[in-house]
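Inspection log for the structure reproduced underneath, given as structure tokens.
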Amino acid sequence: MTKVFRYAGQVALYALFALFIGYFSTAPRYRHLPPDAALLRLSFKHPGKITVECRQRSAEELAKMPAQLRAQMDCPRERSPVRVRVEFDGSPLIDDTFSPSGLSRDGAAAGYRRVPITAGEHQLKVQFNDDVRVAGFNFEREQKISAVAGQVVLIDFNAERGGILIQ
């Protein structure tokens, strides 16, 4: 008689576990965005300009250096941080500075932000500065976008393709 209760108990527990898994596989529903919203995503990886130009070492400086380190040019490795400003319908939405990666700050700066926006027609202005020696912004793009509910509007940066890309 105890074997029957033991097997019946196992079947009941397995059934409860299957119901638990079955329920949570479909409910509660996950909503990525509200029904009337789109998503604005800023995503880029870009190395900023070198912060200081290379300079020629003098003969006295070279004489003081060990023989294996005597390079004519002194070129620092540090890169500029990348500053990004995004205006959405005339008001600032993103205004952030992304530092270069690496211990010597000589790698690419990577930026990622996601902001829900309302669906519809909007004016988007994106500005990038990848050079600390330049005041203001050295890349700018202004574009009218038409965002559909559930759509992702991507802002990327690619210097080879003209700079700021809005897709």
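Candidates are the residues of the range 118-141 that are modelled with pLDDT under 95 and among the β-branched types (Val, Ile, Thr); the one that is surrounded by the most Cβ atoms within 10 Å (Cβ to Cβ) is 132. Within the range 80-87, one or more residues are in contact with an Asp or Glu (Cβ under 9 Å, 6 or more places away or on another chain) and assigned to a loop (DSSP other than H, G, I, E, B). Identify the residue in the range 14-48 that is of a type in the set (D, E, K, R) and out of contact with any Lys or Arg (no Cβ under 7 Å at 6 or more places or on another chain) and, among all such residues, is farthest from residue 81 (Cα to Cα). Once the filter is applied, the top-ranked residue is 29.
The single condition among (1) part of a loop (DSSP other than H, G, I, E, B); (2) surrounded by 16 or more Cβ atoms within 10 Å (Cβ to Cβ) that residue 104 does not satisfy is (2).
When the range 1-47 is filtered for residues that are among the small types (Gly, Ala, Ser), outside the structural domain of residue 152 (by TED's automatic domain parsing) and surrounded by 10 or more Cβ atoms within 10 Å (Cβ to Cβ), the ones remaining, listed by number, are 8, 9, 12, 15, 18, 22.
For the range 117-158, the tally of residues that are in a strand (DSSP E or B) and of a type in the set (A, V, I, L, M, F, W, C) stands at 12.
Filtered by the rule that a residue be assigned to a strand (DSSP E or B) and closer than 30 Å to residue 139 by Cα, the range 18-58 gives 37, 38, 39, 40, 41, 42, 43, 44, 45, 46, 50, 55. Take residue 102 and tell me if it is on the phi > 0 side of the Ramachandran plot and of a type outside the set (A, V, I, L, M, F, W, C). Yes: the conditions hold for residue 102. The requirement of being closer than 24 Å to residue 128 by Cα and loosely packed, with under 12 Cβ neighbours inside 10 Å is fulfilled somewhere in the range 76-91, by at least one residue.
Residues in the range 61-79 that are in contact (Cβ under 8 Å) with a residue 24 or more places away in the chain and assigned to a loop (DSSP other than H, G, I, E, B) were compared, and the one that is nearest to the chain's Cα centre (by Cα) is 78.
Within the range 1-60, the residues that satisfy the criterion of being closer than 30 Å to residue 77 by Cβ and free of Cβ contacts under 8 Å to residues at least 24 places away in the same chain are 53, 54, 55, 56, 57, 58, 59, 60.
The values are calculated or read from the model by the stated rules, or taken from the named source; none is laboratory data. Predicted model, so just to flag it, every value in this text is computed and none were measured. Every residue, glycine as well, gets a Cβ built from its backbone with ideal geometry; the counts of neighbours run over all protein chains shown.
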